[in-house]
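Readers should treat all values here as calculations from the given coordinates under stated rules, not as data from a laboratory. Owing to the predicted nature of the structure, the values given are computational and were not obtained by experimental measurement. Heads up, the Cβs are rebuilt from the backbone with ideal geometry, glycines too, and the neighbour counts pull from every protein chain shown.
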Amino acid sequence: MIKAVMMMNTQGKPRLAKFYDFMTVEKQQELIRGVFSVLCSRPENVSSFLEIDSLFGPDSRLVYKHYATLYFVLVFDGSENELAMLDLIQVLVETLDKCFSNVCELDIVFNYSKMHAVLDEIVFGGQIRSCLKRDFTCPEVCFRVARPIASKLA
Amino acid sequence: MEQLKTIGRELAMGSQGGFGQSKEFLDLVKSIGEARSKAEEDRIVLSEIEILKRRLLEPDVPKRKMKEYIIRLVYIEMLGHDASFGYIHAVKMTHDDNLLLKRTGYLAVTLFLNEDHDLIILIVNTIQKDLRSDNFLVVCAALNAICRLINEETIPAVLPQVVDLLNHQKEAVRKKAIMALHRFHRKSPSSVSHLISNFRKRLCDNDPGVMGATLCPLFDLISEDVTTYKDLVSSFVSILKQVTERRLPKSYDYHQMPAPFIQIKLLKIMALLGSGDKSASEIMYMVLGDLFRKCDSSTNIGNAILYECIRCISSILPSPKLLEAAADAISKFLKSDSHNLKYMGIDGLGRLIKISPDIAEQHQLAVIDCLEDPDDTLKRKTFELLYKMTKSSNVEVIVDRMIDYMISINDNHYKTEIASRCVELAEQFAPSNQWFIQTMNKVFEHAGDLVNIKVAHNLMRLIAEGFGEDDDDADSKLRLSAVESYLKIISEPKLPSLFLQVISWVLGEYGTADGKYSASYISGKLCDVADAYSSDETVKGYAVSALMKIYAFEIASGRKVDVLPECQSLIEELLASHSTDLQQRAYELQALLALDARAVESIIPLDASCEDIEVDKDLSFLNGYIQQAIESGAQPYISERERSGMFETSDYHSQDHHEVPSHALRFEAYELPKPSVPQQASTELVPVPEPSYYSEPHQPIPTSLVSERDSSEIKLRLDGVKQKWGRPNYQPTTSSSPNTSSISQQAPNGTATQHSDGGVGSSSSKPQSSYNSKKPEVDPEKQRLAASLFGGSSSSRSDRKSSSGGHKPGKGTANKPTTIPKENPTPVQPPPDLLDLGEPTATTVTTMDPFKELEGLLDSSSSQDGGGSTDVMGLYSDAAPVTTTTSVDSLLSELSDGSKGNSRTYQSQTSKGPNSKEALEKDALVRQMGVNPTSQNPTLFKDLLG
């Protein structure tokens, strides 16, 4: 089961945090900080997997991916496959890229509710919505919405 | 499609202007982004909170504005500030009719509230209404919210509607309903236990997405109870087969891989179902083989599936062919440059090693590379692997490595784990007591505060009991070495408390036993300890007791005791201690010093820490007393269980008769309290001492009753250890390990001569040069490590090693075709053929495939009803197993003709990657380093071994 999805920038500012078990705000902050301090101590070119029992309890792992100024982080337990989780991040990013055409940190900050909607289509109650339709509802919609905005910006 | 457009319009409405938010919000985000310190950020957020509080209270806030405020609240809460003042507005927003606002409301509510929050009760009604909505997007939003907001008590309120939605015409709704039901099952299994059949039914859904979603709850159910789902094995296998044959719509592809997440889930389920079940495993073999062939290992997701296959194979009943394929995949992972893949490779190796321990051997260098990798995660995973493959032959190297690593890290959590692993390995496999004590010293020194106290007790026990019955000489040697090592360490600053306790105890017990160290020397050291750690009472207590023992032994042996001045002052200080325990020990010590030799000897006998003490568990010595008490009118003792059992039944009866709910008032009188005289007496007579002092011999005798119980608990581990420590086993291995490494240094030369002798005609200088040329790549240090880790690993594998030992040098000298005549016939067989036995079965299965619906599900014409699907299951369980067993038979028969060994060596070579020559050389060398010489090349090794 997936325990949490987080996005934070390289300064450690959370950009999106979703926990699939309820946590108090303080606990969430503590975890976000903890994860960030682990991530920023990782050197380049090492594996994207971490065992972080110390933060999330026994048998919890973390997969992260670093895109430009953002860390994408998935926390999950032993019943998931690490490589698949890594790809789930890829799926998420590709979807966002589709939605926002060249997604950047600002898109994520300002389209908070859309981000959550996209995420809800991919991960649902801590489970991957295992069917992975590339054209699933929401991103398509977002895509349509995003295009005019993008053109307006340009 | 229509609905999509609706959403599109809705979303578009919300996203006018730059990023769709007001300038205020943009400014807020920007200023937070530019904040230079946490304090500044807090200030900004606090002022934002003030603004929002004001705005939310204004009358008639336009809905669009309100939506933005809510999103700002979410943002604030994400930054770690309390936004609870706005929760109620989010709740209100869920009541809105506008879909976009409703969704925002639900989003905010799911992020803000937990399932036990007071406001939930206001939402349940809305959710109920929304679940009945005609607009499926509203239903979806409500289902989304359910997953997060419904707790055990509110499940019944929405359950009937969720169940109805399982048959909704939209697949997206069916899928979410399944997920919601799954969530209910996780929250409270009993509430949906009668609905579990729905999951089975939905497995045959027309829509692959719904089918995929069903796998999640089924996985949970199957991991709880495997047996009731055995009938689904063939269905799962056939679904997986169809997925791999790309019979799902293209839209499920991801990086050219058909529905990978469904595949992974299926493999997980199969791993559960196949474990320890022969017939189920056999059904799976073929599709797993296919997967190995088809998986594209160039993409990440392909590797994810490969890894899942490895996991599955390691869990089901092993099949040699599949193990082969899995080993191949693992070697590809390990050879990859990606750390992620290496990690998976190490993990897979750790899984397979349980089934075939020799697999690690061909990857030894890769493993060592991982061990020395700067990547911490990889390192830890590798240590985990080493932990799994530890044997008595390599325990020293592995534990030393672990300790080095343990010293180098700061993460206490992991330090504890690795320390306990060191201890466990040392206890299980220690080659000698000496080594064991040294290792434990190291562990204690660096992680003493983190290890379990039992470990310390075990160590003391071991030192006290030594090798056991007959070897007193060795025992005293062991003790002496322990004492010596402790005296060396004791003056180091800042030792962990637990370690000091062990040191004090051992010094007290055995410090003067050998006569090598004088009593005053030891007692001086002990006083230093008590001085240096004056804030640690436990350590002080141990030190004082140790002093007492030393003086007692002195007195008992008739020598005159000079109490050192610092010791005297210590005693005086402790006599006035605040701790009663220390005070008592000090008084006891003082009293003891005044006694004569005979009295002292009987109080503290020499080396009596492991004397057996008879335990009278029934406390029969109290019988007389009890008899007396009963005669004088006391009630006999009723055991606690009987008493509570009696109360329970009486309660139960009273409820039964009057049907009084448990929280109602009781009208009967309470039973009279029973005086439990015997029990009290026993607690008075047998004082229960602190278990941590259990082996202190100065305790009065009755207390040691308890100590015996304690020690029997602790004993468990050590019993096994002692057997493993049969010394004769070890002396040879330890002495031979340096030998093998020295042999391996010479090995290249040896092979060279062998070749020229054998008439191959290659000059002896050639292998020599190849050896040199490879040297910079493979550090001899590493090779030695490899040899010591993997070297003595498997005697059972001698047959394979012999064959490789035979032909590897030939490969090392390269390009002479004459050297490899024997191997040629086998390599012709390409690796895919090894697994490609399944074609006939594949066709039979697909022809009668009832899951054709899956293929044609986009045709709206093919609809399917629940009744038909159950028939489908019946079909499966009949037909599929029969066909597959035949294929497995043929598989086994092919194995039995002895081509196994050859094909394996072939595979290991072909999988070396692009740089094959280098790899071969590396491989050859490693084999010589790590492999024991055996029959294939007898003359060669004879002269090396003498």
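Find out how many positive minus negative residues lie around B:Asn340, taking Lys and Arg as positive, Asp and Glu as negative, among other residues whose Cβ is under 12 Å from that of B:Asn340. Before the final figure, lay out the partial values.
On the way: positive: A:Lys65, B:Lys342, B:Lys381; negative: A:Glu82, A:Asp87, B:Asp337, B:Asp347, B:Asp375.
It works out to a net charge of -2.
For B:Gln434 and B:Asp596, compute 0.36 nm times the residue count separating them, minus their Cα-Cα distance, and round to one decimal in nm. All intermediate terms of the calculation are to be shown ahead of the outcome.
Working: separation 162, 0.36 × 162 = 58.32 nm, distance 3.72 nm.
Between B:Gln434 and B:Asp596, full extension yields 54.6 nm more.
How high is the FRET efficiency from B:Leu26 to B:Glu50, r the C-beta distance, R0 25 Å, rounded to 0.05? Please report the intermediate quantities before stating the final value.
Numbers: r = 19 Å, r/R0 = 0.75.
Computed FRET efficiency for B:Leu26 and B:Glu50: 0.85.
At a Förster distance of 25 Å, what's the computed FRET efficiency of B:Ile355 paired with B:Thr227, Cβ-Cβ distance as r, to 0.05? Let's see the in-between values first.
Working: r = 23 Å, r/R0 = 0.93.
It comes out at approximately 0.60.
Would you mind computing, in nm to one decimal, how far apart the modelled labels at A:Lys27 and B:Glu572 are, each placed 7 Å from Cα along Cα→Cβ?
5.7
Taking K and R as +1 and D and E as -1, what net charge do the other residues with C-beta under 9 Å from the C-beta of B:Glu384 add up to? Please report the intermediate quantities before stating the final value.
Numbers: positive: B:Arg380, B:Lys381, B:Lys388, B:Arg421; negative: B:Asp347.
Computed value for this residue: +3.
Hey, got a sec? Which GluC sites (Glu not before Pro) in region A:3-106 land in a DSSP loop and have at most 10 other Cβ atoms within 10 Å?
Here the sparse-neighbourhood loop sites are A:Glu44.
So what is the orientation-averaged projected area of region A:1-53, using the convex hull of its C-alpha atoms, in nm²?
Details: hull surface 16.4 nm².
About 4.1 nm², averaged over all directions.
B:Ile489 to A:Cys40: FRET efficiency via 1/(1 + (r/R0)^6), r the Cβ-Cβ distance, R0 60 Å, to the nearest 0.05?
Details: r = 38 Å, r/R0 = 0.63.
E between B:Ile489 and A:Cys40, to the nearest 0.05, is 0.95.
Grab the Cα-Cα distance for B:Ser338 and B:Lys201, subtract it from 0.36 nm times how many residues apart they are, and report the gain in nm with one decimal.
45.1 nm
Taking a quarter of the surface of the Cα convex hull of region B:482-606, what do you get in nm²? If you can, show how the numbers build up before the last one.
Working: hull surface 27.5 nm².
Mean orientational projected area (region B:482-606, Cα hull): 6.9 nm².
Can you list which of the chymotrypsin sites (Phe, Trp or Tyr not before Pro) found in region B:106-182 are DSSP loop residues with at most 12 other C-beta atoms within 10 Å? Could the numbers behind the result be given before it?
Working: sites: B:Tyr106, B:Phe112, B:Phe136; in loops: none.
Qualifying residues, ordered by number: none.
Can you give the Rg to Rh ratio for region B:23-176, taking only C-alpha atoms and Rh from Kirkwood?
1.04
What is the distance, in nm, between label points placed 7 Å from the Cα along the Cα-to-Cβ direction at B:Ser518 and at B:Glu115?
The two pseudo-label positions are separated by 7.3 nm.
Distance cut-off 24 Å, Cα to Cα: go down the list B:Lys230/B:Lys294; A:Lys27/B:Lys187; A:Lys114/B:Lys170; B:Lys170/B:Lys250; B:Lys250/B:Lys294; B:Lys332/B:Lys782 and report the pairs above it. Numbers along the way, then the final one.
On the way: B:Lys230/B:Lys294 27 Å; A:Lys27/B:Lys187 21 Å; A:Lys114/B:Lys170 22 Å; B:Lys170/B:Lys250 20 Å; B:Lys250/B:Lys294 17 Å; B:Lys332/B:Lys782 21 Å.
From B:Lys230/B:Lys294; A:Lys27/B:Lys187; A:Lys114/B:Lys170; B:Lys170/B:Lys250; B:Lys250/B:Lys294; B:Lys332/B:Lys782, over 24 Å: B:Lys230/B:Lys294.
Full extension from B:His255 to B:Ser37: what is 0.36 nm times the residue separation minus their Cα-Cα distance, to one decimal in nm? Don't skip to the answer; put the middle values down first.
Numbers: separation 218, 0.36 × 218 = 78.48 nm, distance 4.23 nm.
So the extension gain works out to 74.2 nm.
Please compute the Cα-Cα pair-distance distribution of region B:125-264 with 10 Å bins starting at 0, giving whole percents from short to long.
Percent of Cα pairs in each bin: 11, 40, 33, 15, 1.
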